[in-house]
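Worksheet: one structure, shown below.
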Amino acid sequence: MTKLNSNWVTTGAACSALGISDKQLWRLRDELFTQGTHYRNIARPQAARPTYRWHLARIEKLLNVPQENRGA
C-alpha cells in the first residue's frame, strides 16, 4: 500500500478509530458526509453491494467542528 492511500480505511477500522458502531457510521454517511471527500465506494460497478473506504482524517476534522457550525 502506498502512503497516498493511508488515510482511506475499511469500515471496521473507521468504526474502531472513531469509537462508534457501523450503524452510527452509516447514519453519518447519509446525514453529514460527502461522497468522494469522506467516503468512497471501491466496489466494481457490477457488484451487488458497495464496498466503502473512509477518509479518517477528514471525518475526524468534520466531527471536531461544533454541530451549529457544520455546513456554514
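Using a simple spin-label model with pseudo-atoms 7 Å out from Cα toward Cβ, Ala57 and Ser21 lie 3.1 nm apart. Projecting the Cα positions of Gln24, Trp8, Ala47 onto the charge dipole of the chain (unit charges on Cβ atoms of Lys, Arg, Asp and Glu, taken about the Cα centre) puts Ala47 furthest along the positive direction.
Based on DSSP H segments of at least four residues, each scored -39500 (n - 2.57), the chain has a per-residue ellipticity at 222 nm of -10000 deg cm²/dmol. Taking the Cα centre of the chain as origin and assigning +1 to Lys and Arg Cβ atoms and -1 to Asp and Glu Cβ atoms, the resulting dipole is close to 280 debye. Note on the chain: the C-alpha convex hull projects to 5.6 nm² when averaged across all orientations. In a fully extended conformation the segment linking Asp30 and Ile42 would gain 2.6 nm over its present Cα-Cα distance, using 0.36 nm per residue.
We did not get these values from a lab; they are worked out from the coordinates using the rules stated. Keep in mind it's a predicted model, so treat the numbers as computed, not measured. Backbone-built Cβ (ideal geometry, glycine too); neighbour counts: all protein chains shown.
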